[in-house]
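See below for the structure under consideration.
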Amino acid sequence: MASSLHSIWRFLHWGPLTALGIIKVITITALYMNSMWWPPNASLGGFIHQCLFLLFSTLTTYNYIMATLTGPGLLPKKWKPKNPKDVDQLQYCTICEGYKAPRSHHCRKCNRCVKKMDHHCPWINHCVGWANHAYFTYFLAFAILGSFQASIILGFAFYRGVHRYWYLTHGQMHLATVQFTMTTIIMTIFATGLAIGVVLALGMLLYIQLKSILKNQTSIEMWIVEKADYRRYCNLDEDDFVYPYDLGWRQNLLQVFSKRLVSKGDGITWPVLEGCDQYTLTREQIAQKAEKRARTKTFRCVHPATGRYLPLFSQGLRVCLSPPCTDEARIRLEPGDVIKVTRFREHWLFGERVVPAIELRNPELKRKGPTRGWFPRRCAIELIQPKHYFYSNSSEQSENEVDSLDDRQHNARNVKIMNNATNGVPNMSKETFANGNSKQPTQNGQGKKKK
């Protein structure tokens, strides 16, 4: 019962309310104008035409609701692989307190790890992933077809309504069937703009989805593969990366649109190419994360950041005119906060705030809002670490210690020679010359003459 209420609660969000509102405005306006332009009771063609439009509208709404209610499939909290040895090849999610299964990623909006996560869609207020990928793709396809037919209906009806007086004066009464009022003409123009916008916007999104489905890649995995290729371009010693889930376009389509395969699967174990295993992609992700941590720079906050998307009054107009083109969170910072930065823009930085130990011990003192996201660059300065800091855990530390030990022994020998000297003049024996305490040659390669 609680899960059903939670699923219904997902529709009470600006995304689903806006999407359903657009669908219904286009549908109702197109049906009203179609009743005057091509009435379904006037001919068989008009009846079939309206039935087809109603079919598209119904399938659009059905697949939209199913994509929202079904969800992508959430990975159980505290999930672990059956073989304990496999945890070394998986990433750990501190929020879900479990390991991320292959092809699973944590969604900051849903606050859960999602099976085969493609992206978080604000219009369905849910993620698109393993369980609802087919419903989401069907929704896009039928929404485009229905909106395209609606734009044709509204366009022809608008033309008939604008030229109604000309039809009446020229004796073509059978064409003067569309009659406008101020309300209907405004609604027609508005619905036509919405229909054309839906065709263009969802058309681009459907193209991206079909392209990724044919390759059996999610949008996140496309980015992982691109970084994997770039890593091997920069490091020729690395073996070529083979994406393990591309089984051919036929099998790739069946994995998404076959209800039988989806119902039999669990969203965790996947068929892979020969020579690959279940953790081929996760090992590549771990390697990329390691390189990312190596590129991380430490910043300290010097001016407070409000955590707003457009901090006009606190940061100025220039920062607001060049925000990062993403819906990722903005973090609130106070002077003294330490941030680990991984992405850099001209006026913005992306990183994670280092939570102090006092906040970890006392949940009441924990600062509200996300700890990972974007913040204005002018709010923080980079901390330059001393050189020995970078070698504290490396093999170069031992080399430096050996060099410093040789220097100390060398200086001690010089002090001993000076203490044993007569009248403050050291005895320059052969041993002393062998130890390097002789006069140094000049630039022309000859030593100075003794007095």
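The values are calculated or read from the model by the stated rules, or taken from the named source; none is laboratory data. What you are looking at is a predicted structure, and each value in this text was computed from that prediction instead of being measured. Reconstructed Cβ throughout: ideal geometry from the backbone, glycine too, with neighbour counts over all protein chains shown.
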Applying the selection to segment 342-360, what residues are buried (at least 17 other Cβ atoms within 10 Å of the Cβ) and farther than 19 Å from Gln315 by Cα?
Arg353
How many residues, within segment 322-347, are in a loop (DSSP other than H, G, I, E, B) and in contact with an Asp or Glu (Cβ under 9 Å, 6 or more places away or on another chain)?
2
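Being over 14 Å from the mean Cα position of the chain (by Cα) and part of a helix (DSSP H, G or I) is the filter; apply it to segment 207-224 and report the residue that is nearest to Ala290 (Cα to Cα).
Here is the first cut: in segment 207-224, the ones over 14 Å from the mean Cα position of the chain (by Cα) are 207-217.
Right, trim to part of a helix (DSSP H, G or I) and you get 207-214.
Values: Tyr207: 33, Ile208: 29, Gln209: 30, Leu210: 32, Lys211: 29, Ser212: 26, Ile213: 29, Leu214: 30 Å.
Applying the filter and picking the extreme gives Ser212.
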Test set (1) of a type outside the set (S, T, N, Q); (2) touching an Asp or Glu at 6+ places or on another chain (Cβ under 7 Å); (3) surrounded by fewer than 20 Cβ atoms within 10 Å (Cβ to Cβ) - His133 fails condition number:
(3)
Scan of segment 58-102 for residues that are of a type outside the set (A, V, I, L, M), in a helix (DSSP H, G or I) and either closer than 27 Å to Val25 by Cβ or free of Cβ contacts under 8 Å to residues at least 12 places away in the same chain (or both), ordered by number:
Thr58, Thr60, Thr61, Tyr62, Asn63, Tyr64, Thr68, Thr70, Pro84, Lys85, Asp88
How many residues, within segment 140-155, are in contact (Cβ under 8 Å) with a residue 60 or more places away in the chain and either farther than 13 Å from Ile22 by Cβ or surrounded by fewer than 24 Cβ atoms within 10 Å (Cβ to Cβ) (or both)?
8
List pairs: first in segment 266-294 and within 19 Å of Arg232 (Cα to Cα), second surrounded by 12 or more Cβ atoms within 10 Å (Cβ to Cβ) and of a type in the set (Lys, Arg), Cβ under 8 Å, 6+ apart or cross-chain?
Leu281/Arg103; Thr282/Lys100; Ala287/Arg231; Gln288/Lys227; Gln288/Arg231; Glu291/Arg231
For segment 287-309, how many residues are among the hydrophobic types (A, V, I, L, M, F, W, C), surrounded by 14 or more Cβ atoms within 10 Å (Cβ to Cβ) and within 23 Å of the chain's Cα centre (by Cα)?
3
Filter segment 82-100 down to the residues that are touching a helix residue (DSSP H, G or I) at 6+ places or on another chain (Cβ under 9 Å) and surrounded by 17 or more Cβ atoms within 10 Å (Cβ to Cβ), then identify the one that is nearest to Val128 (Cα to Cα).
Lys100
If we keep only residues of segment 253-284 that are assigned to a helix (DSSP H, G or I) and within 23 Å of the chain's Cα centre (by Cα), then the residue surrounded by the most Cβ atoms within 10 Å (Cβ to Cβ) is Leu281
Residue satisfying all of: in segment 330-354; basic (Lys, Arg) and under 15 Å from the mean Cα position of the chain (by Cα); nearest to Pro376 (Cα to Cα) among these:
Arg330
Which numbered condition Tyr167 fails, given (1) at pLDDT 95 or above; (2) assigned by TED's automatic domain parsing to the domain that holds Thr29
(1)
Before we move on, is Ile48 within 15 Å of Phe142 (Cα to Cα) and either under 30 Å from the mean Cα position of the chain (by Cα) or at pLDDT 95 or above (or both)?
no
